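Engineer: Next up is a structure, given as structure tokens.
The values are calculated or read from the model by the stated rules, or taken from the named source; none is laboratory data. This is a predicted model, so every value here is computed, not measured. Here the Cβ positions follow ideal geometry from the backbone for every residue, glycine too, while neighbour counts run over all protein chains shown.
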Amino acid sequence: MSNGTDRTERYLESRRVTLIGSVIDLVLGVTKIVVGMIGASQALIADGIHSLSDLFTDFMVLYAARHASRDADEDHPYGHGRFETIMTVALGVALIGVAGGIAWDAAHRLFRQEILMHPSWITLVVAAVSILSKEWIFRYTMKVAERLNSNLLKANAWHSRTDAISSVIVLFGIIGAMAGVTWLDAVAAIGVGLMIAKIGWDLVWNSVRELVDTSLEPERVEAIRREIIAMPGVRDLHLLRTRLMGGEALVDVHIQVSDPRISVSEGHQLSEAVRQRLIERIDEVSDVLVHIDPENDAEEATSVGLPLREQVVSDLNRAWQDEAVSSQIRDMRLHYLDGHIDVEILLPLSVIRDIKDGAEIRQTLIARSRQLEYLGNVSVCFC
């Protein structure tokens with residue numbers, strides 16, 4: 001299945017679960033506010049505002065999911081996953097604002113006994129229905145979020161769970177107020193406000209960490225490291241870097257191959273195998289960039305500054321200009337290792353008369369190449 005198809009299905013599932021939650025949030029929000037006013041419960045009114053804030057955030061989730069599902073383009077080569085992250089920040093800020101308003105109003109009433117509300121029994125019924133409804137939508141949304149590995153849906157699910165928990169607080173606040181402890185309803189409203197603020201802060205903090213490319217959790221990074229090291233042909237790795245992009249992880253890594261003299265095509269094949277292994281075995285990983293190293297360039301002498309093939313061939317041709325056999329070189333392989341260039345020369349068997357002649361040609365070519373200080377080992381083969 002293509003990535004485009006995956007993103008489309010991800011969006012459709014996200015939209016379905018969010019729309020179901022939106023209907024429930026709308027009904028609950030309006031019902032709690034109306035019944036809170038009729039039944040004189042400030043805590044239930046605050047809880048109703050919380051439910052309507054869920055409705056607002058549901059639409060934010062829909063907007064983010066729609067844009068995040070779009071394929072990468074010229075302006076967004078890494079895709080549109082960060083739309084989801086930005087919307088999660090906005091969702092968190094909105095929750096903090098709602099929480100501040102609820103807590104401020106409740107505290108104002110708490111210190112003015114004459115305006116405290118006295119809730120009636122009908123508010124108990126609505127609070128209980130709210131607990132059951134929000135707990136159901138939490139479980140349903142979280143199930144989809146885990147299947148899609150969507151942090152935004154998980155955040156929205158926990159938003160629903162906090163609504164259920166706040167309704168529990170409201171329930172006890174109403175019971176206390178009905179029992180004569182009139183200030184308990186206002187205290188419950190403040191508790192709801194603090195809970196909403198805490199969730200909002202967590203959403204903002206985690207999303208900002210993603211926007212500044214914070215690494216995955218240490219245990220997930222270690223899991224990635226283990227998978228790479230387990231690959232045949234991989235000797236070691238370094239510069240393992242991870243970051244999140246709308247719930248998906250991007251990985252960059254340098255791997256040191258077991259044999260530093262393998263061909264370019266074999267090295268490429270190994271890098272593709274590592275990439276595929278991580279995508280298949282680490283759930284959140286969506287893409288991997290693998291850099292192949294013949295040696296551990298983080299510790300050993302690097303080859304930075306050494307000449308490229310064109311210059312090496314030119315220098316060797318000048319060193320061998322008096323050797324006619326140099327014009328018949330069939331292949332020349334360069335290996336940039338340990339701060340030097342090792343050279344493998346391949347000549348046809350037809351250029352030599354016997355073993356002794358071959359040894360003399362080999363010795364002469366190697367001796368004349370020594371004038372190039374950047375060269376390491378030079379070998380000559382005939383076939």
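Engineer: With the condition kept exactly as written, say whether any residue in the stretch 293-301 is of a type in the set (A, V, I, L, M, F, W, C) and crowded, with 17+ Cβ neighbours inside 10 Å.
Structural biologist: no
Engineer: Being in contact with a Lys or Arg (Cβ under 9 Å, 6 or more places away or on another chain) and not hydrophobic (A, V, I, L, M, F, W, C) is the filter here; which residues of the stretch 229-259 pass it?
Structural biologist: Answer for the stretch 229-259, where residues must be in contact with a Lys or Arg (Cβ under 9 Å, 6 or more places away or on another chain) and not hydrophobic (A, V, I, L, M, F, W, C): Thr242, Gly246, Gly247, Asp252, Gln256, Ser258, Asp259.
Engineer: Something else: Only one of (1) modelled with pLDDT of 90 or more; (2) surrounded by fewer than 11 Cβ atoms within 10 Å (Cβ to Cβ) is not met by Asn317, so which one is it?
Structural biologist: (2)
Engineer: What is the number of the single condition among (1) in contact (Cβ under 8 Å) with a residue 24 or more places away in the chain; (2) more than 30 Å from Ala249 (Cβ to Cβ); (3) assigned to a loop (DSSP other than H, G, I, E, B) that Glu373 does not meet?
Structural biologist: (1)
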